[in-house]
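Engineer: Mind having a look at this structure? Questions to follow.
The values are calculated or read from the model by the stated rules, or taken from the named source; none is laboratory data. Everything quoted here is computed from the prediction, not taken from an experiment. Using ideal geometry, Cβ is built from the backbone for each residue, glycine included, and neighbour counts are taken over all protein chains shown. Protein only, heavy atoms only, side chains kept; ligands, DNA and RNA dropped before computing areas. Shrake-Rupley method; radii C 1.70, N 1.55, O 1.52, S 1.80 Å.
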Amino acid sequence: MDVDEITLYGALWCPDCRRSKAFLTEQRVPFRYVDLEKHPEAVATVHEYNDGKQIIPTIVFPDGSVLVEPSDEELADKLGLSRSAAEECYDLVIVGGGPTGLTTGIYGARENLRTIIIERSALGGQAGITERLDNYPGFPEGIGGADLAGRFALQAQRYGVEMLPAVSVTSLEPQGNGVTRVTLSTGQQLTARAVLIATGSTYRRTGVDGEDDLIGAGIHFCATCDGPFYKGAGEVVVLGGGNSGFEEGLFLTQFADHVTIVERSASPRASRLLQDKVSDHERMTVLTETSVVRFNAGDDGKLASLTLAGTDGAETDHAASGVFVFIGLDPNTGWLDGLVDLDPVGFVTTNRMMESSVPGIFAAGDVRAGSTKQLAAAVGEGAAVALQIRPHLEAQSAGD
């Protein structure tokens, strides 16, 4: 493929665009970058490639094919890049390169364990696409999510952790005595004396009528990624009254004239501090005991309104240019295919040693049942599980 003609349409404020740019640069793939803020005329081109939707990054290849919001794995496959682990046998294989996996990798490498982190997308996880983190210890002025994630990865690299981005783990097969065969999406198979599942979770969808058709055309799941598209918009709605919903709602006031937060329960679940901030904001409103019934498109195929219903069942149409959905997280455990025990909603259950129902396979961070889904806790669990993996390896060696 003549990679010289690859064109990436994006914006500086878009985390996924930065990730794709970084991946192409790291792989020494030449490309042309078009910043939509500097070249607004290119927005029409993005719409053309996305059936009128405004989605970035949009990456156009010389053969005329297009990738929209691609994972690093999809990019690597398209470019025909080689993605192989350096060895076949490891003391510790970590599935997931977010804060939990990176922390465990640092601890493992410091103990001279042959450690590899396998991440299907970009290192850093959800933290890496968060615009700003104000509650992580040690940064009194706050820190950008991408900056913090980059620091985690650099520290892991310093200790010699092997990191394999743009590769998925497709299966785990216990071999006995706590040893596991790990099969990668590339077909390569590794042997691990211990495995950590740290695959995190993803944003949940509403599942109501109109959602699938309007994703990217008015419905979004990342305010940092897509909020700037709504600069000057009259009304934007946030679904979800937890901390994420309130934080992202406050962030969106930088762009939209007014933000409405919709919460199904009688009272929001966000912290009192966030509730006070929203309550004091003159351009924000909170609707409780309200649920979304459907999303409605306008004549241009983009979101025009959403239909809301109260506890009495009465429906009203609420006009909005954009909707951002923050109604919870679903664990990334489907790939396990029933191998380990899960709780009723799909999170990995563990004992007090953070070991799953299968010996030698551990879980930590957002994917683990009972975790707090907070960044500081994810880092703490990464350190804690590393300390639990050590006696497993010691016992395994004693039995050899």
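Engineer: Given the structure, is R390 open to solvent by 50 Å² or more (accessible area, probe 1.4 Å) and more than 20 Å from T115 (Cβ to Cβ)? Steps first, answer last, please.
Structural biologist: Numbers: open to solvent by 50 Å² or more (accessible area, probe 1.4 Å): yes; more than 20 Å from T115 (Cβ to Cβ): no.
Here the answer is no, as R390 does not meet what is asked.
Engineer: In addition: Hey, among V385, V325, which residue is closer than 21 Å to T115 by Cβ, open to solvent by less than 60 Å² (accessible area, probe 1.4 Å) and not polar (S, T, N, Q)? Outline the logic, then answer.
Structural biologist: Working: V325 fails: closer than 21 Å to T115 by Cβ.
The unique qualifying residue is V385.
Engineer: Still on this structure: Looking at (1) within 24 Å of the chain's Cα centre (by Cα); (2) among the small types (G, A, S); (3) open to solvent by 20 Å² or more (accessible area, probe 1.4 Å), find the lone condition where G245 falls short.
Structural biologist: Failed condition: (3).
Engineer: Which strands (runs of 3 or more DSSP E) sit wholly inside the range 181-290 and have at least 3 residues that are touching a strand residue (DSSP E or B) at 6+ places or on another chain (Cβ under 8 Å), within 26 Å of R132 (Cα to Cα) and at pLDDT below 95? Talk me through it step by step, then tell me what you get.
Structural biologist: On the way: elements: 189-197, 201-203, 235-239, 258-262, 284-287.
Filter on the range 181-290 gives 201-203.
Engineer: Look at the range 103-153 and say how many of its residues are under 28 Å from E247 (Cα atoms), in a helix (DSSP H, G or I) and either in contact with an Asp or Glu (Cβ under 9 Å, 6 or more places away or on another chain) or open to solvent by 10 Å² or more (accessible area, probe 1.4 Å) (or both).
Structural biologist: Step one: of the range 103-153, the residues under 28 Å from E247 (Cα atoms) are 103, 119-153.
Going one step further and asking which of them are in a helix (DSSP H, G or I), we end up with 103, 125-129, 145-153.
Right, trim to either in contact with an Asp or Glu (Cβ under 9 Å, 6 or more places away or on another chain) or open to solvent by 10 Å² or more (accessible area, probe 1.4 Å) (or both) and you get 103, 125-129, 145-147, 150-153.
Qualifying residue count for the region: 13.
Engineer: Taking the range 218-232, which residues are out of contact with any Pro (no Cβ under 7 Å at 6 or more places or on another chain) and either within 25 Å of A146 (Cβ to Cβ) or open to solvent by less than 10 Å² (accessible area, probe 1.4 Å) (or both)? It would help to see each step written out before you state the result.
Structural biologist: Residues of the range 218-232 out of contact with any Pro (no Cβ under 7 Å at 6 or more places or on another chain): 218-223, 226-232.
Scanning the range 218-232 gives G218, I219, H220, F221, C222, A223, D226, G227, P228, F229, Y230, K231.
Engineer: Pull out all pairs, ordered by first then second residue, where Cβ-Cβ is under 9 Å, the residues are six or more apart or on different chains, the first lies in the range 18-36 and is closer than 24 Å to G145 by Cβ, and the second is of a type in the set (A, V, I, L, M) and open to solvent by 60 Å² or more (accessible area, probe 1.4 Å).
Structural biologist: Pairs found: R18/L12; D35/L12.
Engineer: Can I ask one more? Here are some conditions: (1) in contact with an Asp or Glu (Cβ under 6 Å, 6 or more places away or on another chain); (2) in a helix (DSSP H, G or I); (3) open to solvent by 40 Å² or more (accessible area, probe 1.4 Å). F23 meets all but one. Which one does it not meet?
Structural biologist: Only one criterion is unmet by F23, namely (3).
Engineer: Working carefully through the options A378, A384, A364, A398, find the one that is within 20 Å of G97 (Cβ to Cβ), free of Cβ contacts under 8 Å to residues at least 60 places away in the same chain and hydrophobic (A, V, I, L, M, F, W, C).
Structural biologist: Values: A378 fails: free of Cβ contacts under 8 Å to residues at least 60 places away in the same chain; A364 fails: free of Cβ contacts under 8 Å to residues at least 60 places away in the same chain; A398 fails: within 20 Å of G97 (Cβ to Cβ).
The unique qualifying residue is A384.
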